1. Long-range amide H contacts for A51: which residues qualify at under 5 Å (H placed 1.01 Å from N, peptide plane, sequence gap of 5 or more or a different chain)?
2. Just subtract the alpha-carbon distance of T62 and D80 from 0.36 nm times their residue separation and send over the number in nm, one decimal.
3. Compute the distance in nm between two label points, each set 7 Å from the Cα along the Cα-to-Cβ direction, one at N46 and one at V116.
4. Say the dipole of the stretch 44-136 comes from +1 at the beta carbon of Lys and Arg and -1 at that of Asp and Glu; which of V83, N46, L57 then lies farthest toward its positive end?
5. Subtracting the Cα-Cα distance from 0.36 nm times the residue separation, let me have the gained length for M28 to N94 in nm, one decimal.
6. Among residues other than F133 whose Cβ falls under 13 Å from its Cβ, what is the net charge (Lys/Arg +1, Asp/Glu -1)?
7. Taking a ≥ b ≥ c as the square roots of the eigenvalues of the Cα gyration tensor of the stretch 83-135, is the shape rounded (a/c under 1.5), prolate (a/b larger than b/c) or oblate?
Amino acid sequence: MAPKLFIVLCLIATVLLLRPQDVDAVEMVPIQLLVMNKINNQAPQNYNASAVMAGSLLGAMTRLKDSYSDFTFVGQENPDFGVFIESVNNVAGNFSDRTFWQILSNKSGTPAPTPVGVSCYFPEANEHIIFNFTTF
């Protein structure tokens, strides 16, 4: 009987520890998102956003999308690699045109591609993230 009780108590503790956190209790950090599309000669668009401390870029993008009607994105979930960004602000990458949204970080002072996608990238406070519509 004791092992079953132990298992039940462990399950209850796990559920309590893994429940969604209260958003008001989570520390938020400011980040900047810059959307650049030189291919279509569009003016750069700059957004002030916030990310959960140690939270993903995808979460910050989702909050921004929910808060500002002029920021949109569409992503396709891959079970192995996370979300792949297909479009930003109604501009979609196209395989036959060889276009895509490149994600860059400017935290070192020089823009460089992020090593992972939006699901696995965790921006730091005051980091500048660039979504650059480009060709491959």
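Bear in mind that the values in this text are calculations on the coordinates, not laboratory data. Bear in mind that the values here come from a model prediction, so they are computed numbers and not experimental data. Backbone-built Cβ (ideal geometry, glycine too); neighbour counts: all protein chains shown.
1. V29, I31
2. Values: separation 18, 0.36 × 18 = 6.48 nm, distance 2.04 nm.
In short, 4.4 nm is gained.
3. Label-label distance for N46 and V116, simple model: 2.9 nm.
4. Sorting the options by dipole projection puts first N46.
5. On the way: separation 66, 0.36 × 66 = 23.76 nm, distance 3.42 nm.
Between M28 and N94, full extension yields an extra 20.3 nm.
6. On the way: positive: K38, R98; negative: E86, D97.
Computed value for this residue: 0.
7. Working: a/c = 2.28, a/b = 1.84, b/c = 1.24.
Prolate.
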